[in-house]
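Below: one structure, written as structure tokens.
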Amino acid sequence: MGAFPHVLIIGGGVIGTSIACHLAVQGAPITLVEAKDLASGSSGACDGLVFLQSKKPGVHLQMAMESLKRFRTLQKHLPVSMEFIQTGGLVTIETDDEYRAMNAYVKDQQAIGLDVHLLDKEQVLQREPGLSGRVIGAAYSPLDAKINPINLTLGFALAARNHGARILTRTPVTELMVKNNRVTGILTPRGPIPADLVVNAAGAAAGNVARMAGIEMPVIPRRGQIAVTHAGSPVLHHCLISAGYIAAKYNPELARTAGQGISMEQTENGNLLLGSTREFAGFDTGNTLSAIRKIIAQAAARLPALASFQIIRTFAGLRPWTPDGLPILGPVSKLDGFVMAAGHEGDGIALSAITGELMADALLDRKPAIPLDRFSPDRFEDLAPDPAFRTDHENRQPAPQSSPQVPPQVGFQADPRPARQERIQ
Ligand SMILES: Cc1cc2nc3c(=O)[nH]c(=O)nc-3n(C[C@H](O)[C@H](O)[C@H](O)COP(=O)(O)OP(=O)(O)OC[C@H]3O[C@@H](n4cnc5c(N)ncnc54)[C@H](O)[C@@H]3O)c2cc1C
């Protein structure tokens with residue numbers, strides 16, 4: 001091994017590319033493989049809210065606050081405009097019950113140091129005059145922001161490539177190579193790629209990738225459907241979610257039905273993103289008529305100006321959900337060299353900057369700014385293996401190659417370059 005391990009990252013979403021970027025800037029040799037295209041998963045089928053208020057008070061909110069700090073200076077490292085704007089965010093309240101719940105929630109967030117407070121109806125309508133009178137108040141934080149998630153992902157990837165990372169799209173991982181209980185690389189239709197460390201950043205498919213090595217990781221796809229309007233003049237000045245949306249995020253009972261609460265965002269371009277559902281529908285990324293109708297009805301009831309907007313398309317993405325609502329980050333004790341970086345559910349865009357930094361530090365044996373213990377994959381180590389999984393993964397080596405080899409420069413093991421000490425600040 002050279003000064004740095006050769007790190008192979010599976011997944012070209014915002015998490016994989018952020019890790020690649022943070023590692024490459026420090027001089028580590030990186031290969032990132034993506035089954036389809038960059039941002040073809042959830043990172044290209046989502047809103048772009050960097051919403052602090054929607055994070056649970058605790059380590060989740062702490063991560064989001066640290067990530068936000070990094071977004072403020074990240075642009076100078078990315079060759080693509082990430083369209084980061086701190087618009088401030090509103091969590092709208094429509095019932096007395098919601099008011100009571102939000103009051104307590106806001107107090108918990110304030111105790112952690114978040115700049116957030118409750119507004120009455122008049123104050124909300126001053127800030128957002130287009131909202132209908134059904135709103136009775138809102139929680140407001142000036143820190144909440146929006147970003148272009150596709151540009152962000154591409155920006156991380158290009159920055160990584162500019163620092164020497166190899167990025168292979170249309171390269172699905174089909175198997176993990178394992179020898180003496182250590183991951184030694186991956187197999188792809190283009191051939192094997194050896195590596196010192198393999199990072200599983202496969203988003204909602206991270207459970208499937210872990211299963212290639214006989215390891216169970218409870219990452220489940222949770223579908224979110226979104227309706228997009230044409231680009232119109234500004235009608236919404238803040239990032240906005242309804243209090244019911246937060247409740248649906250953390251309440252599995254509410255998650256069983258489509259269209260709970262609402263989130264609305266007007267992009268820099270003027271398109272409105274209206275969403276979104278939280279459904280367990282396997283890997284189905286289809287849109288359903290019932291959900292889209294519900295979303296549009298709920299959005300129009302809150303923002304009457306929407307009546308003159310056209311819906312130009314709909315899409316759905318798969319959030320990588322975990323049972324305890326926290327991402328799974330760090331080495332898997334059961335298998336040397338295998339590292340998880342998945343499970344950000346509805347927060348992967350917002351948490352991408354801090355996740356990339358923490359993972360890079362952990363992979364390079366440096367002390368991360370936030371300890372990763374709470375996110376350790378080992379918290380799920382008692383999960384039973386899926387009986388459908390073949391148990392012959394141990395000592396699996398690349399099959400004799402009949403398919404074309406990955407270009408030789410991809411499969412290097414040691415980095416001849418001197419260690420760099422740069423970091424993204
Ligand atoms: C409707 C909706 C709205 C959302 N809104 C927000 C929001 O406002 N703010 C926010 O912070 N988050 C939001 N999210 C969540 C956010 O999109 C995700 O948390 C984030 O994109 C996850 O990033 P990822 O890199 O882990 O996964 P992905 O972006 O899904 O990337 C994983 C990649 O791995 C690849 N892959 C899978 N298997 C393999 C394999 N075998 N070999 C090679 N590659 C493989 C996939 O093709 C994919 O490109 C939203 C999500 C949805 C669905």
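Some notes on this structure:
- Between LYS121 and THR73, the simple label model (points 7 Å from Cα in the Cβ direction) yields a spacing of 4.5 nm.
- Here's the list of lysines a cross-link from LYS294 could span, going by alpha-carbon distance under 22 Å and ignoring same-chain residues fewer than 8 apart: LYS249.
- Computed 3J(HN,Hα) for the range 49-57, one whole-Hz value per residue from the Karplus formula 6.51 cos²θ - 1.76 cosθ + 1.60 where θ = phi - 60°, is 7, 9, 9, 6, 5, 7, 8, 5, x, glycine and proline marked x.
- The packing ranking of peptides 327-334, 95-102, 143-150, highest mean first, is 143-150, 327-334, 95-102, where packing means the average number of other beta carbon atoms within 10 angstrom of each residue.
- Tilt relative to the chain, helix 14-25 - C-alpha long axis, 0 to 90 degrees, to 10: 60
- When you count the other C-beta atoms within 10 angstrom of each residue and take the mean per peptide, 121-134, 289-302, 208-221, 44-57 line up highest first as 44-57, 208-221, 289-302, 121-134.
- Rounded tilt (10° steps) of 348-363 against the dominant C-alpha axis of the chain: 30
- Square roots of 5 times each gyration tensor eigenvalue, C-alpha, the chain, largest first, Å: 38, 22, 20
- Within straight-line cross-link reach of LYS179, lysines at Cα separation under 22 Å, skipping those fewer than 8 residues along the same chain: LYS334
- Basic side chains Lys and Arg get +1 at the Cβ, acidic Asp and Glu get -1 at the Cβ, and with that the dipole of the range 43-159 about its Cα centre reaches some 460 debye.
- Between 0 and 90 degrees, the angle of helix 149-162 with respect to the longest Cα principal axis of the chain falls at about 30 degrees.
- Here the chain carries DSSP beta bridges of which approximately 70% are antiparallel, counting only pairs with both residues inside.
- Selected from GLY348, GLY282, GLY356 as most flexible by GNM, with the chain as the system and alpha-carbon contacts under 10 Å: GLY282
- Efficiency of FRET between ALA111 and LYS36 - r from beta-carbon atoms, R0 35 angstrom, step 0.05: 0.25
- Size of electric dipole in the chain: Cβ of Lys, Arg +1 and of Asp, Glu -1, about Cα centre, debye, nearest 20: 680
- Mean residue ellipticity (222 nm) of the chain, computed from DSSP H runs ≥ 4 via -39,500 (n - 2.57), nearest 500: -8000 deg cm²/dmol
- Residues whose amide H comes within less than 5 Å of that of ALA342, counting only those at least five positions distant or on another chain, are ILE328 (H built at 1.01 Å from N in the peptide plane).
- Phi to ³J(HN,Hα) by Karplus 6.51 cos²θ - 1.76 cosθ + 1.60 over the range 305-319, Hz, x for Gly, Pro: 4, 4, 4, 9, 8, 9, 7, 9, 6, 10, 8, 9, x, 10, 6
- All lysines inside 16 Å of LYS107 as judged from Cα atoms, apart from same-chain residues fewer than 8 positions distant: LYS55, LYS56
The numbers here are math on the coordinates, done by the rules we state, and not lab data. Everything numeric in this text was worked out from a predicted model, so none of it was measured. Neighbour counts run over all protein chains shown; Cβ positions are idealised from the backbone, glycine included.
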